[in-house]
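One structure below.
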């Protein structure tokens, strides 16, 4: 069964304290892995797509990486405005329309 | 402005009273999908549509219906709502070939008493 697990569930950082969020997945064949940011009371906002192991994408203080079993979202020198819930999702080749989301990591960055 | 619009944003209803949550997108996207978000369970896919007249079940389709008669609209129908359908619902759309790069609506919070 296709599955996505994110860890930790919650993370508190001081401003400037770099860290990483983890997304582990189990699918027969990975078609794509996606990262989203969700602010309270809002719909998720798309951040990155990763297609194959070794691929990396960057946007401001965020960098997403992908291996054959997991993805990491690295946050470098975070600021309070980076506080949000970060979601990852996978699309398996067995069914191109289905997306499976992890439960998310809630990040709080304190000034 | 590119957007996905859901209505209503908030609704309190009673068990068994049929309701429809509308979803409309103005980006000419082929793919549309409905999700529900519950504490501790994350986002779960209800139904999706790869294009007009093509719909398929997600992971939690029981108790829901959808239709895709036009490209821009993808309504979610609860024929006989029950309390376990109390949730936050999101509609989303994406361009052809990229179902994972979703634009989400603002959400519809539904309470079934």
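Read-outs throughout are calculated quantities, based only on the coordinates presented, and are distinct from any laboratory measurement. On a predicted model such as this, the values are computed, not experimentally measured, just so you know. Neighbour counts are summed over all protein chains in view; Cβ atoms, including those assigned to glycine, are modelled from backbone coordinates with ideal geometry.
Points 7 angstrom from Cα along the Cβ direction at residue B:53 and residue A:19: gap in nanometres?
Modelled inter-label distance: 5.2 nm.
Give me the three principal axis extents of chain A from the C-alpha atoms, as integers in angstrom, largest value leading.
The Cα atoms of chain A stretch 44, 30, 20 Å along the principal axes, largest first.
Give me A:29, B:112 sorted ascending by neighbouring Cβ count inside 10 Å, so fewest comes first.
With the fewest neighbours first, A:29, B:112 line up as A:29, B:112.
Residues of segment A:8-30 with backbone nitrogen within less than 16 Å of a virtual label 7 Å along the Cα-to-Cβ line of residue A:67, please, listed as ranges.
Within reach of a label on residue A:67: A:8, A:20-27.
Let me know the Rg and Dmax you get for the protein assembly as shown when you use only its Cα atoms, in Å.
Values for the protein assembly as shown (Cα only, Rg and Dmax): 17.4, 52 Å.
Residue B:10 versus residue A:57, label points 7 Å from Cα toward the beta carbon: distance in nm?
For the pair residue B:10/residue A:57, the computed spacing is 3.4 nm.
For A:35, B:34, what ranking results if the residue with the fewest other Cβ atoms within 10 Å of its Cβ goes first?
Arranged by neighbour count, lowest to highest, A:35, B:34 become A:35, B:34.
Please report the relative contact order for chain B, taking Cα pairs under 8 Å with a sequence separation of at least 6, and give it as a percent rounded to a whole number.
With pairs under 8 Å counted, the relative contact order is 36 percent.
Just to confirm my numbers, what's the Cα centroid distance between segment A:1-80 and segment B:15-73 in Å?
A separation of 25 Å, based on Cα centres.
How do B:29, A:74 line up, fewest other C-beta atoms within 10 Å first?
A:74, B:29
What is the ratio of the Cα radius of gyration of segment B:26-99 to 2.2 N^0.38 Å, where N is its residue count, to two decimals?
1.08
For segment B:58-113, count the residues as N, evaluate 2.2 N^0.38 Å, and divide the Cα radius of gyration by that value, please.
Taking N as the residue count of segment B:58-113, the ratio is 1.25.
Relative contact order for chain A: what is it in percent, counting Cα pairs under 8 Å that are at least 6 residues apart?
Reported relative contact order: 37 percent.
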